[in-house]
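Trainee: My questions will all concern the structure given below.
The values are calculated or read from the model by the stated rules, or taken from the named source; none is laboratory data. Worth saying up front: this structure is predicted, and the values here are computed from it rather than measured. Reconstructed Cβ throughout: ideal geometry from the backbone, glycine too, with neighbour counts over all protein chains shown. For the accessible areas, the whole protein counts, side chains as well, though only heavy atoms, and no ligand, DNA or RNA atoms are used. Shrake-Rupley method; radii C 1.70, N 1.55, O 1.52, S 1.80 Å.
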Amino acid sequence: MNVRTICLAILYDGDATGYEIRKLSVEGEYSYFIDASYGSIYPALARLEQERLVTARVELQEGKPAKKIYSITPAGRSAFIQSLFEKLGEDEFRSEFLLFLRFASELPQSLVEQRLHERMVEVDATLADFDRLKQQHNHPGDAWVIEYGRSCMQAARDYIEAHGDELIALARPDRDDAAAAE
């Protein structure tokens with residue numbers, strides 16, 4: 001899938017401005033699906049408009065610049081559904097956190113413990129976000145997708161909670177780092 005597909009997916013649920021599409025696809029609920037950069041969304045919308053898969057209308061606002069609102073066309077709905085028939089790419093997972101943990105044995109225990117705590121705070125915030133999303137969405141597939149994501153995050157949290165001490169034990173005692181610095 002690509003940026004074009006994510007734009008059509010967002011518009012499939014309702015009209016949106018380019019800003020709203022960008023926000024949903026970069027930092028909102030659609031950011032979980034594919035990587036869509038700020039610089040790729042507006043060109044994708046322009047191509048979709050040229051292909052008549054979306055339409056745009058300009059809405060004037062008092063005291064603000066006019067905004068362009070995009071709507072999906074029947075052809076766009078069809079193109080989006082057809083894109084879901086294409087072979088899916090592999091999921092991508094990258095994590096600075098895992099790179100950090102890979103080298104935990106080279107780091108002071110206090111830093112490893114701090115990073116694990118920071119991750120738990122982030123995971124708890126993500127779990128709360130999933131709970132919020134579950135309350136806000138009623139599309140038939142939303143509950144399943146949200147619960148899947150929540151289950152993955154809960155498993156990560158449970159693993160850190162159950163095995164974090166093992167990682168901290170692999171790290172260097174803080175006093176060794178202080179002695180090495182002298």
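Trainee: Mind listing whichever residues of the stretch 76-90 are open to solvent by 80 Å² or more (accessible area, probe 1.4 Å) and aromatic (Phe, Trp, Tyr)?
Mentor: The one that is open to solvent by 80 Å² or more (accessible area, probe 1.4 Å) and aromatic (Phe, Trp, Tyr): 85.
Trainee: Identify all residues within the stretch 91-121 that are free of Cβ contacts under 8 Å to residues at least 24 places away in the same chain and open to solvent by 100 Å² or more (accessible area, probe 1.4 Å); write none if there are none.
Mentor: Scanning the stretch 91-121 gives 91, 93, 94, 96, 99, 102, 117.
Trainee: In addition: Looking at (1) surrounded by 15 or more Cβ atoms within 10 Å (Cβ to Cβ); (2) over 19 Å from residue 12 (Cβ atoms); (3) of a type outside the set (Gly, Ala, Ser), which one does residue 145 not meet, given that it meets all the others?
Mentor: (2)
Trainee: Of all residues in the stretch 46-66 being among the hydrophobic types (A, V, I, L, M, F, W, C) and either touching an Asp or Glu at 6+ places or on another chain (Cβ under 7 Å) or more than 14 Å from residue 79 (Cα to Cα) (or both), which is surrounded by the most Cβ atoms within 10 Å (Cβ to Cβ)?
Mentor: My answer is 56.
Trainee: If residue 7 satisfies every condition in (1) open to solvent by less than 10 Å² (accessible area, probe 1.4 Å); (2) at pLDDT below 90; (3) over 17 Å from residue 145 (Cβ atoms) but one, which is the exception?
Mentor: (2)
Trainee: Here is a list: 56, 9, 46, 66. Which entry is assigned to a helix (DSSP H, G or I), aliphatic (A, V, I, L, M) and farther than 30 Å from residue 126 by Cβ?
Mentor: On inspection, the qualifying residue turns out to be 46.
Trainee: What pairs can you find where one residue is in the stretch 41-61 and in contact (Cβ under 8 Å) with a residue 12 or more places away in the chain, the other is of a type in the set (S, T, N, Q) and assigned to a strand (DSSP E or B), and their Cβ atoms are less than 9 Å apart, with a gap of 6+ or different chains?
Mentor: From residues that are in contact (Cβ under 8 Å) with a residue 12 or more places away in the chain, the pairs are 49/55; 54/71; 55/71; 56/71; 57/71.
Trainee: Mind listing whichever residues of the stretch 156-172 are among the small types (Gly, Ala, Ser) and either surrounded by 11 or more Cβ atoms within 10 Å (Cβ to Cβ) or more than 28 Å from residue 99 (Cβ to Cβ) (or both)?
Mentor: Step one: filter the stretch 156-172 for residues among the small types (Gly, Ala, Ser), giving 156, 162, 164, 169, 171.
Once the filter is applied, which keeps residues that are among the small types (Gly, Ala, Ser) and either surrounded by 11 or more Cβ atoms within 10 Å (Cβ to Cβ) or more than 28 Å from residue 99 (Cβ to Cβ) (or both), the stretch 156-172 yields 156, 164, 169, 171.
Trainee: What's the number of the only condition in (1) at pLDDT 95 or above; (2) more than 21 Å from residue 1 (Cβ to Cβ) that residue 81 fails to meet?
Mentor: (2)
Trainee: So, one more: Need the failing condition index for residue 73 against (1) at pLDDT 95 or above; (2) in contact with a helix residue (DSSP H, G or I) (Cβ under 8 Å, 6 or more places away or on another chain); (3) open to solvent by less than 100 Å² (accessible area, probe 1.4 Å), just the number.
Mentor: (2)
Trainee: Pairs, please: C-beta under 6 Å, at least 6 apart or cross-chain, first residue free of Cβ contacts under 8 Å to residues at least 40 places away in the same chain and within 21 Å of residue 123 (Cβ to Cβ) and in the stretch 140-151, second hydrophobic (A, V, I, L, M, F, W, C) and surrounded by 13 or more Cβ atoms within 10 Å (Cβ to Cβ)?
Mentor: 146/130; 146/133; 150/130
Trainee: May I ask you to list pairs of residues, at least six apart or on different chains, whose Cβ atoms are under 8 Å apart, with the first in the stretch 14-35 being at pLDDT 85 or above and the second being among the polar types (S, T, N, Q)?
Mentor: 15/71; 24/31; 25/31
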